[in-house]
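Right, one structure below, let's go through it.
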Amino acid sequence: MRHPQDLLSGYVDGALSAHEAAEVAAHLAECPSCRETVSDLRALRRLLAAVPPPDPDPELLARLLQVDPGTRRHRLNVPRWLAVAAATALLAVVSARVSHLPPASGPVVRELREHARLATHAPLNDLGLASFLSAILQEPVEDNP
Amino acid sequence: MEAEAGALASQGAGTEDAQAEFSRLVEAHWRSAYRFAYRLTGNPEEAADLVQEAAEEAFRAFSRFRPGTRFDRWWLRILYNSFVDRTRRQRRQSYVPLDDLSGDMRVTASWADPEAALEQQLDGPVQRALDALPPEFRAVVVLVDLEGLSYEDAARVLRCPPGTVRSRLHRGRLALREWLRGYVDALRRGELG
């Protein structure tokens with residue numbers, strides 16, 4: 001039998017089937033290095049079991065019992081620098097697109113340039129969106145009931 | 001209209017019952033949640049924060065908790081998920097690759113006074129060794145060797161097959177054996193505990 005590897009931990013924990021345990025025991029009888037490992041694992045288990053449990057601050061329980069999902073603080077864990085970088089990159093792309101528009105040769109292009117400029121100054125807010133929609137929709141959007 | 005008001009009232013009562021039941025369960029199990037969180041994070045403040053985050057998460061998901069199953073295991077599972085999310089976000093820490101156990105991360109122990117309070121000496125070195133383990137190995141060792149869970153229960157908390165628990169546990173233990181060699185040898189010589 002090859003070295004039983006993690007079966008050794010299972011053996012020490014008494015977590016093997018009878019068949020597996022018998023196999024490991026047979027291997028241990030002739031393998032000093034695995035016997036050594038088993039003794040170490042037993043000692044390590046005793047060591048870890050002897051570590052004192054940490055004492056929680058009783059104030060934590062009071063906090064836990066006041067759990068209210070409504071008051072949970074908002075966690076959007078994007079680092080500030082990353083948010084700034086992303087916004088800058090987006091703006092740069094939008095500006096580049098605007099400046100690379102063809103010269104206003106016709107009324108449609110002129111209108112599109114105008115809306116694009118507006119949307120760049122007010123990106124993704126209602127003004128920019130309304131402007132964009134009014135450019136692409138057939139019907140006027142502002143004065144709908 | 002009246003029927004609607006009645007339905008709302010009974011829903012309110014159900015919510016209150018659920019809240020009371022949730023509080024009872026949290027009170028019964030917060031210490032074990034804290035121990036797990038403390039050994040995972042190695043830090044009291046972060047552990048408390050993690051427990052609270054997991055409690056909030058558990059409260060929101062409480063309708064999905066099946067009465068009669070073990071709340072502590074369910075809560076630990078939520079806690080472990082939160083912990084994994086955190087470690088993914090942080091990524092600052094570097095762990096010792098378990099293939100290289102010869103590394104310089106050996107925890108050295110002084111045995112000038114082996115009779116001195118063993119327990120107090122243990123916490124620091126063991127926690128430092130746990131901190132150096134990759135998180136998924138650390139979690140298994142903590143659940144099985146410190147908290148005394150069976151492989152099956154640990155597998156439920158960590159959402160992995162029991163066979164994975166056994167292999168991670170074994171590799172984690174082999175690493176700890178090297179890093180805590182001084183203590184392991186002293187225990188085997190019968191000088192401790």
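Bear in mind that the values in this text are calculations on the coordinates, not laboratory data. Quick caveat: nothing in here was measured; it's all calculated off a predicted structure. We place every Cβ from the backbone using ideal geometry, glycine too, and count neighbours over all the protein chains shown.
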Study note, to complete from the structure: Assertion target for A:THR88, A:THR37, ordered by fewest C-beta neighbours within 10 angstrom first, is A:THR88, A:THR37
Exercise for review: Just grab the label-to-label distance for A:GLN5 and A:ASP57, each label 7 Å out from Cα along the Cβ direction, in nm (one decimal).
Suggested key: 4.4 nm
Check your understanding: So what's the net charge close to A:SER39: Lys and Arg +1, Asp and Glu -1, counting the other residues with Cβ under 12 Å from its Cβ?
Key -> +4
Review point. Considering only B:SER82, B:GLY42, B:PHE65, whose Cα is most displaced toward the positive end of the charge dipole of region B:2-90, charges sitting on Cβ of Lys, Arg (+1) and Asp, Glu (-1)?
Key: B:GLY42
Point to revise | FRET efficiency estimate (nearest 0.05) - Cβ-Cβ, B:SER63 to B:ARG88, R0 22 angstrom | key: 0.20
**Study point:** Cβ-placed point charges (K, R +1; D, E -1), dipole of region B:130-193 about Cα centre in debye, nearest 20
**Key:** 220 debye
Study note, to complete from the structure: Residues B:SER167, B:SER23, A:SER9 in order from fewest to most other beta-carbon atoms within 10 Å are B:SER23, B:SER167, A:SER9
Review point. Hey, what's the per residue convex hull volume over the C-alpha atoms of region A:7-49, in cubic angstrom?
Key: 51 Å³
Revision key, fill the gap. Cβ density ranking, 10 Å radius, fewest first, applied to A:SER95, B:SER32 yields A:SER95, B:SER32
Check your understanding: Applying 1/(1 + (r/R0)^6) with R0 = 30 Å to the Cβ-Cβ distance of A:ALA26 and B:SER32, what FRET efficiency is obtained, to the nearest 0.05?
Key -> 0.20
**Study point:** Spin-label pair A:ARG117/A:ALA50, simplified geometry with 7 Å Cα→Cβ offset, distance in nm
**Key:** 8.0 nm
Revision key, fill the gap. Taking r as the C-beta separation of B:ASP123 and A:LEU65 and R0 as 30 Å, the FRET efficiency to the nearest 0.05 is 0.60
Exercise for review: At 20 °C and 1.002 mPa s, grab the translational diffusion coefficient of region B:118-188 from Stokes-Einstein with a Kirkwood Rh over Cα pairs, rounded to a whole number in µm² per second.
Suggested key: 172 µm²/s
